[in-house]
Ligand code: OSB
Ligand code: MG
């Protein structure tokens, strides 16, 4: 049972070790919205909203998400009773269009709190089966191919099971070729365009087929399912959709249209775990592999992603890098670590499986407010 008493919203600033550049923008310091959900008996769990500072990946931002949670979402869960967290999504979703990342932060927090109160791990409550998850790295756009090669070689030496490079027009074929030539043949490699191309780029993108990539992620605009289908017909490389898959229906459309062959599931993008699980199940039934994407989360958001990635059809390495890839110091104890490209799922610990370093979070906090009924 879930019976929420309050949600504390807290904005922290956390500086990335190095700027992260994708085709649609660059981040140097993350503004992260943390939620602390407390129930009537005093049990508490933390959650994280993955919205960024600017509306490049999605129209949502940390500020629109805080507005949505404060104005429309929190009153639907605080002081209300739920037998199970799988009931929360429908309540948050009714007559509120979009704002998936805001909904997800609240919904996933309810899953975390439920697990914590039951003394079970989040992975177990979700139906996870894996004790460890394979991990890939997402490397941002670099100044030149050589700089990218250096980072890719370091990642390979660190043990990552998949190397994803961000691409955009003007920083694609030469960059991917340089990395492919530098890495051992058997290294799993992929490229992520974050919507930077159009269908007229098909002849150009066909040249990526020569690099035997595991997949190309989101080459076209988020709304271009039909165009992705046309592009997929012309590419040997499987298309994986990220930005386009905002709910279960979009995923079903992708399958029906053959607009992609792999799905990146980010729970924040699809309004939380209930929809993530549905997408996972539909893909499993259709023979579509899924993997867990990342949004440069702190150790709190990472806990949710790692638990989700323990479900059986998460058969490809996720963007689940350990804490030290992003931060000098993470906000959780213990920090997330990787061993031979695998991250351990904290199945023997209740709730999200890590503790929040509250003293450090306090130092990083720029804004806090408590929502009650
Ligand atoms: O497209 O997957 C993406 C980060 C911010 C916005 C979009 C994306 C990403 C990443 C980062 O690729 C993956 C990570 O968290 O390590
Ligand atoms: Mg992506």
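The values are calculated or read from the model by the stated rules, or taken from the named source; none is laboratory data. Everything numeric in this text was worked out from a predicted model, so none of it was measured. When we count neighbours, we look across all protein chains shown, and the Cβ atoms used for this are built from the backbone with ideal geometry, even at glycine.
The residue list 230, 236, 277 contains one member that is in a loop (DSSP other than H, G, I, E, B), out of contact with any strand residue (DSSP E or B) (no Cβ under 7 Å at 6 or more places or on another chain), more than 16 Å from ligand 2 (Cβ to nearest atom) and modelled with pLDDT of 95 or more, which is 236.
Scanning for something without any contact (Cβ under 8 Å) to a residue 60 or more places away in the chain and buried (at least 21 other Cβ atoms within 10 Å of the Cβ), does segment 110-123 turn up at least one residue? Checking segment 110-123: not a single residue is without any contact (Cβ under 8 Å) to a residue 60 or more places away in the chain and buried (at least 21 other Cβ atoms within 10 Å of the Cβ). Given 102, 97, 134, 90, which one is modelled with pLDDT of 95 or more, surrounded by 16 or more Cβ atoms within 10 Å (Cβ to Cβ) and out of contact with any helix residue (DSSP H, G or I) (no Cβ under 6 Å at 6 or more places or on another chain)? Among 102, 97, 134, 90, only 134 is modelled with pLDDT of 95 or more, surrounded by 16 or more Cβ atoms within 10 Å (Cβ to Cβ) and out of contact with any helix residue (DSSP H, G or I) (no Cβ under 6 Å at 6 or more places or on another chain). Here residue 203 does not fit the description of being under 30 Å from residue 159 (Cβ atoms) and either within 16 Å of ligand 2 (Cβ to nearest atom) or surrounded by fewer than 23 Cβ atoms within 10 Å (Cβ to Cβ) (or both).
Here segment 244-266 is the region considered, the condition is being within 21 Å of residue 200 (Cβ to Cβ) and crowded, with 22+ Cβ neighbours inside 10 Å, and the residue that is nearest to ligand 2 (Cβ to nearest atom) is 244. For segment 247-272, residues that are over 26 Å from residue 32 (Cβ atoms) and within 14 Å of the chain's Cα centre (by Cα) total 0.
Whenever a residue of segment 199-227 is under 27 Å from residue 247 (Cα atoms) and in contact (Cβ under 8 Å) with a residue 24 or more places away in the chain, its partners that are within 16 Å of ligand 1 (Cβ to nearest atom) and in a helix (DSSP H, G or I), lying with C-beta atoms within less than 6 angstrom and at least six residues away or across chains, give the pairs 220/228.
Would you point out the residue of segment 178-207, among those that are within 25 Å of the chain's Cα centre (by Cα) and within 20 Å of residue 149 (Cα to Cα), that is nearest to ligand 1 (Cβ to nearest atom)? Of everything passing the filter in segment 178-207, 192 is nearest to ligand 1 (Cβ to nearest atom). Of the residues making up segment 179-190, none is within 16 Å of ligand 2 (Cβ to nearest atom), touching a helix residue (DSSP H, G or I) at 6+ places or on another chain (Cβ under 6 Å) and either under 30 Å from residue 322 (Cα atoms) or in contact (Cβ under 8 Å) with a residue 24 or more places away in the chain (or both).
Within the option set 8, 28, 53, being in a loop (DSSP other than H, G, I, E, B) and surrounded by fewer than 18 Cβ atoms within 10 Å (Cβ to Cβ) holds for one residue only, 53.
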